[in-house]
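Shown next, in C-alpha cells, is the structure this report addresses.
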Amino acid sequence: MQQNPIIDFDVIDKDGPQEYSGTVTIASKDLDRDELANVAPVEISVRAEKGNLPGEYIVEGKSSFTGELHCARCVDPYPFANSSEFHVRFRPRPQGSGDENEEVEITNEEELDVEYYSERAVPLKDLALEQVQLAIPMKPLCDEKCLGLCPACGANRNRESCKCESPVSDERWGALKGIREELAKKRES
Ligand SMILES: [Zn+2]
Ligand SMILES: [Zn+2]
C-alpha cells in the first residue's frame, strides 16, 4: 500500500477506473480549526472514474478516523470518531478571460459536490483533510449537559463546585414564579 496515493486523471484516461486506498497521516495544524486537539491517521479508500462531461472525474469513497476535540464549554479534550462516505465530481477550473476572481456559479443543488481542479492529480491527503474538516462540529461538546467553566474563577464545573455560585439565576426564577402565580390567580377569578 502506498504511503500517500495520488489520484491520477491521466491514468484513468488510459486504463479506466482506478481504486486507491491508504492511511493518511494529517496534523491538526493542517486544518485551521482550534476545536481539533489531535487526529489519528485517516483510513481512506476511493474509486475514481471518468464522468459524463469532458474533463470530469467522479470520485466516490469512504473515510474513517478517530481524534480528540476541545469542548466548546469546558475546553477539555474528548474523544470522537467519524466514518463517512463521500462523492466528489472534479471538473476542470473554467478559464477566465481576465485574471479577476471569477465567481463560479453554482446553479443547482446537484452541483454542491463539484470541485474545480487545475492539476490533473489529487492527493488522497486532500480528500482526507476535507472529510476531517467536514466532521468537526461548529460547537463541539463533551456532553450535552457539560457545565462549562466558572466565569469567575475558571473552575471546571463538571469536576468541582467552586464557591462563587451567584444567586442571580435563583432570583430570576423566583420572579418568574411570582408572575406565574399571579397569572394563575387572574385566570381563576
Ligand atoms: Zn465540556
Ligand atoms: Zn468559580
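The values are calculated or read from the model by the stated rules, or taken from the named source; none is laboratory data. Just so we're clear, the structure is a prediction, and the values are computed from it rather than from any experiment. Neighbour counts run over all protein chains shown; Cβ positions are idealised from the backbone, glycine included.
Would you point out the residue of segment 38-77, among those that are without any contact (Cβ under 8 Å) to a residue 40 or more places away in the chain and of a type in the set (A, V, I, L, M, F, W, C), that is nearest to ligand 1 (Cβ to nearest atom)? Within segment 38-77, the match that is nearest to ligand 1 (Cβ to nearest atom) is A40.
Only residues that are under 30 Å from P140 (Cα atoms) and either buried (at least 18 other Cβ atoms within 10 Å of the Cβ) or of a type in the set (D, E, K, R) (or both): list them for segment 43-64, please. Within segment 43-64, E43, I44, V46, V59, E60, G61, K62, S63 meet the criteria.
In summary, strands (runs of 3 or more DSSP E) completely within segment 1-42 and bearing 1 or more residues that are among the small types (G, A, S), assigned by TED's automatic domain parsing to the domain that holds Y78 and closer than 23 Å to K139 by Cβ occur at 36-39.
Restricted to segment 78-93, and to residues there that are surrounded by fewer than 17 Cβ atoms within 10 Å (Cβ to Cβ) and farther than 17 Å from Q133 by Cβ, the residue that is farthest from ligand 1 (Cβ to nearest atom) is P92. Of the numbered criteria (1) in a strand (DSSP E or B); (2) within 19 Å of L112 (Cα to Cα), the one L53 fails is (1).
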